[in-house]
Amino acid sequence: MKIIPPSFTVLEQLDRESLPVRIEYCGRVCYKSEDRIDRESAIPFVARMAEHGHNSVLEMGVLTLEVECRQQESIDGLFRCQPRYLFIDTPADNRLLVTGSVRAFREMLLFHPRDAVVRAMSSFLHQRHDWFFTGIPQEIAPAGEDGIRVSRIRLEEVDRLPAALLEKHRHIAVKFVVNRAVTHEIVRHRPCSFLQESQRYCRYSDDKFGSEVTFIRPLFFAEGSVEYNVWQQAMRECEKMYLQLLETCTPQAARTVLPNSCKTELIVYCNLAEWMHIFRLRTSKAAEPSMREVMIPLQEDFRDRFPAVFR
Ligand SMILES: Cc1cc2nc3c(=O)[nH]c(=O)nc-3n(C[C@H](O)[C@H](O)[C@H](O)COP(=O)(O)OP(=O)(O)OC[C@H]3O[C@@H](n4cnc5c(N)ncnc54)[C@H](O)[C@@H]3O)c2cc1C
């Protein structure tokens with residue numbers, strides 16, 4: 001058995017990669033199959049996720065578009081549709097700022113295929129990324145729509161938006177390595193996208209896991225104290241039973257004996273406004289101490305990265 005401290009990594013560097021690379025990296029956390037990533041693997045991985053309907057993986061790539069419309073009617077049309085999970089602003093007359101994940105843009109086309117702005121955005125995305133709408137049974141306008149011009153807003157430009165737009169349109173992912181009690185609480189934050197290491201899939205008796213179960217050191221007990229020794233003994237027993245069950249059972253059956261202290265990896269992806277809300281709730285004195293253990297330093301990190309929002 002292995003005991004490690006909790007940790008987090010802000011995946012800001014990943015945001016500078018292409019959409020498929022980002023999606024594959026996050027998706028493979030579920031299966032702990034990061035060793036299968038190579039230069040060719042990202043687009044087939046994304047296509048496979050789309051075909052199998054593992055749509056939450058497609059939430060791990062977010063992009064921002066600018067749409068210029070000659071007619072106000074086009075803008076009104078998009079607002080009438082209210083595509084779900086897209087963040088839409090009108091920073092200037094006849095201009096829209098639209099941010100969403102690959103999944104949100106795919107479902108926008110699926111549910112609102114006749115709207116002019118939807119067709120223009122879909123056409124733009126399809127021309128740039130031929131994998132984007134894999135499996136979506138809709139006809140995509142071949143050359144966009146008259147009077148609507150779509151362009152991509154690069155991350156550097158998003159970062160220069162005024163604070164009110166920045167907090168809504170800037171999304172950022174964080175990978176947590178924490179215990180399962182902490183992730184159970186984090187996943188209550190509904191506006192986020194999540195991907196988590198799968199205990200149903202991962203078999204911790206395999207070589208790549210060191211043939212052992214990893215636990216997160218609990219902050220409640222000082223190392224060497226009576227309580228810590230009781231906890232350690234309990235973890236040792238759990239691991240023993242788990243490995244014994246794996247001799248005849250599947251990981252999903254064997255995991256029923258694994259405790260809250262089990263290490264897990266969770267990727268949380270949301271905009272800065274939601275991160276602000278999470279910090280407000282999860283750094284307060286009322287929050288669970290193991291949660292505060294990671295959220296307080298993470299909030300400090302965000303203050304350095306985005307001072308205009310996290311003053
Ligand atoms: C100290 C503490 C103790 C807790 N104890 C318990 C407990 O004992 N039992 C328990 O079950 N949970 C508990 N929770 C979890 C809590 O109830 C919330 O589920 C969790 O904190 C998510 O926060 P939220 O609902 O404010 O916002 P999020 O889910 O993060 O959503 C962000 C914002 O989006 C909006 N929003 C999202 N979804 C909806 C919706 N469906 N309708 C309207 N507005 C929406 C709201 O404006 C919300 O503030 C606890 C949380 C904390 C911090």
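A short reminder: the numbers here are calculations on the coordinates, not readings from a lab. From a predicted model like this one, the values you see are computed outputs, not experimental measurements. No Cβ is skipped: glycine too gets one built from the backbone with ideal geometry, and neighbour counts run over all protein chains shown.
Please work out whether region 187-277 counts as rounded, prolate or oblate from its C-alpha gyration tensor, where a ≥ b ≥ c are the square roots of the eigenvalues and a/c under 1.5 means rounded, while otherwise a/b larger than b/c means prolate and anything else oblate?
It is oblate, given that a/c is not under 1.5 and a/b is not larger than b/c.
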Where a ≥ b ≥ c are root eigenvalues of the Cα gyration tensor, a/c under 1.5 meaning rounded, otherwise prolate if a/b exceeds b/c and oblate otherwise, region 254-311 counts as prolate
Rounded to the nearest 10, the angle in degrees between the Cα long axis of helix 272-282 and the longest principal axis of the Cα atoms of the chain comes to 30 degrees
From the Cα centre of region 1-35 to that of region 51-129, the distance in Å is 27 Å
Here the net charge surrounding Met235, from other residues whose Cβ is less than 14 Å away from its Cβ (Lys, Arg +1; Asp, Glu -1), is +1
In whole percent, the Cα-Cα distances of the chain spread across 10 Å bins from 0 upward as 6, 24, 29, 23, 12, 5, 1, 0
For the chain, longest principal axis from Cα atoms; helix 72-81 axis from its Cα atoms; angle between them, nearest 10 degrees, is 30 degrees
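Note down the net charge around Gln71, summing +1 for each Lys or Arg and -1 for each Asp or Glu among other residues with Cβ under 15 Å from its Cβ. Mind dumping the intermediate values first?
On the way: positive: Arg70, Arg80, Arg95, Arg119, Arg149; negative: Glu68, Glu73, Asp76, Asp93, Asp115, Glu145, Asp146.
Taking every other residue near Gln71 into account, the sum is -2.
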Given a Förster distance of 22 Å, the FRET efficiency implied by the Cβ-Cβ spacing of Phe79 and Ser151, rounded to the nearest 0.05, works out to 0.65
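At a threshold of 8 angstrom on Cα-Cα distance, excluding pairs fewer than six apart, so keeping six or more, what relative contact order does the chain reach in percent? Walk me through the numbers before you get to the answer.
Working: 465 pairs, mean separation 70.1, N = 311.
Relative contact order for the chain comes out at 23 percent.
Which of rounded, prolate or oblate describes region 117-182 when judged by the alpha-carbon gyration tensor and an a/c cut-off of 1.5?
Oblate shape, in that a/c is at least 1.5 and b/c is the bigger or equal ratio.
Quick one: length gained pulling Glu212 to Ser198 fully straight, 0.36 nm per residue minus the C-alpha distance? Before the final figure, lay out the partial values.
Details: separation 14, 0.36 × 14 = 5.04 nm, distance 1.56 nm.
Net length gain for the segment: 3.5 nm.
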Rounded to 0.05, the calculated FRET efficiency for the beta carbons of Arg190 and Asp89 at R₀ = 22 Å is 0.55
What the 10 Å binned alpha carbon P(r) of region 125-264 shows, as percent of pairs per bin from 0, is 9, 24, 23, 17, 16, 9, 2, 0
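Give, in nm to one decimal, the length gained when the segment between Met241 and Ala286 is fully stretched (0.36 nm per residue of separation minus the Cα-Cα distance). Don't jump to the answer; show the numbers that get you there.
Details: separation 45, 0.36 × 45 = 16.20 nm, distance 3.50 nm.
In short, 12.7 nm is gained.
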A chain fully extended from Arg16 to Cys249 at 0.36 nm per residue, minus the present Cα-Cα distance, gains in nm 79.7 nm
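Once the mean 1/r over all distinct Cα pairs of region 61-160 is inverted, what Kirkwood radius in angstroms do you read off? Write out the running numbers ahead of the final one.
Details: mean 1/r = 0.0746 Å⁻¹.
One over the average 1/r among Cα pairs gives 13.4 Å for region 61-160.
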Helix 289-305: inclination vs the chain longest Cα principal axis, degrees, rounded to 10, gives 40 degrees
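If Lys and Arg each add +1 and Asp and Glu each add -1, what is the summed charge of the other residues whose beta carbon sits under 11 Å from the beta carbon of Arg84?
Numbers: positive: Arg103; negative: Glu107.
Computed value for this residue: 0.
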